[in-house]
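In what follows, a structure is listed as structure tokens, so that the remarks can point back to it.
The values are calculated or read from the model by the stated rules, or taken from the named source; none is laboratory data. Since this is a predicted model, take the numbers as computed values, not measurements. Cβ: placed from backbone, ideal geometry, glycine included. Neighbour counts: every protein chain shown.
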Amino acid sequence: MANWIDISQPLTNDMAHWPGDTPFRYSLTYSKVETGSVNIGQMTASLHTGTHVDAPFHYDSNGKTIDQLNLDRYIGEAIVVDVSQSNVINLEVLKQADLRGCKRVLLKTSLTNDPKRFPDTMPSIAPEIAAYLQEKGVTLLGVDIPSVDQADSKDLETHHALYRHGINILENIMLDHVNPGLYELIALPLAIQGADGSPVRAVIKPLSEKERTDR
């Protein structure tokens with residue numbers, strides 16, 4: 001039986017964060033010596049720390065919050081697609097991939113996974129792919145970069161294009177150690193009431209053609 005593969009960034013005090021956003025910090029509030037029974041920790045972080053899900057409320061004040069999202073989109077069959085041959089992931093690049101009718105697509109880009117460094121540049125995801133993915137029945141797009149838009153973008157064209165075409169967003173997954181192919185995905189966001197996003201523990205498990213049971 002295949003083992004689960006962790007594709008999420010570990011949460012560490014020296015991990016990179018979006019410039020200007022709240023960095024991740026974990027510390028002990030009380031030690032076992034102090035309480036006599038247990039260690040109790042605390043953390044502070046942006047909801048877009050490391051591997052995370054964007055809720056539509058992140059870029060649309062009238063959009064759904066993280067606790068209102070359909071969890072089925074974050075569990076089930078997914079396909080890892082290698083698009084590392086291009087720094088611009090557009091329709092031409094994506095049409096070369098066999099999406100095999102998968103509802104969840106995870107893009108392995110040319111950016112090397114490095115959780116401790118925020119990238120100076122990263123591959124761009126063209127807004128035009130949103131309509132194509134919708135035609136293919138895709139409802140979740142995962143990327144191994146911090147955002148589906150460039151770091152200096154203010155209009156967030158690709159976020160909005162995916163939103164208009166009913167596609168949810170999973171960002172900052174780690175795929176350097178993962179081969180292209182079919183997998184079972186679990187990447188559940190936390191039920192944080194009213195929130196614009198959530199860190200996730202994203203894991204995948206290889207699937208054979210016989211095991212394909214997409215939901």
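So here's what we get for this one:
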item: Test: residue 175 is at pLDDT 95 or above, buried (at least 16 other Cβ atoms within 10 Å of the Cβ), in a strand (DSSP E or B) and out of contact with any His (no Cβ under 7 Å at 6 or more places or on another chain); result: no
item: All positions within the range 124-155 that are β-branched (Val, Ile, Thr) and either out of contact with any Cys (no Cβ under 8 Å at 6 or more places or on another chain) or in a helix (DSSP H, G or I) (or both); result: 125, 129, 139, 143, 145, 148
item: Enumeration of residues in the range 103-146 that are of a type in the set (Ser, Thr, Tyr) and either in contact (Cβ under 8 Å) with a residue 40 or more places away in the chain or within 13 Å of residue 171 (Cβ to Cβ) (or both); result: 109, 112, 132, 139
item: Looking only at the range 31-74, and only at residues there that are of a type in the set (Asp, Glu) and touching a helix residue (DSSP H, G or I) at 6+ places or on another chain (Cβ under 9 Å), the one that is farthest from residue 200 (Cα to Cα); result: 60
item: Contacts under 7 angstrom Cβ, first residue in the range 175-198 being without any contact (Cβ under 8 Å) to a residue 60 or more places away in the chain and more than 13 Å from residue 104 (Cβ to Cβ), partner of a type outside the set (Ser, Thr, Tyr) and surrounded by fewer than 15 Cβ atoms within 10 Å (Cβ to Cβ), 6 or more apart; result: none
item: Condition check for residue 46: surrounded by 14 or more Cβ atoms within 10 Å (Cβ to Cβ), of a type in the set (S, T, N, Q) and closer than 21 Å to residue 130 by Cα; result: no
item: Unique residue being within 25 Å of the chain's Cα centre (by Cα) and modelled with pLDDT under 95 when the list is 16, 2; result: 2
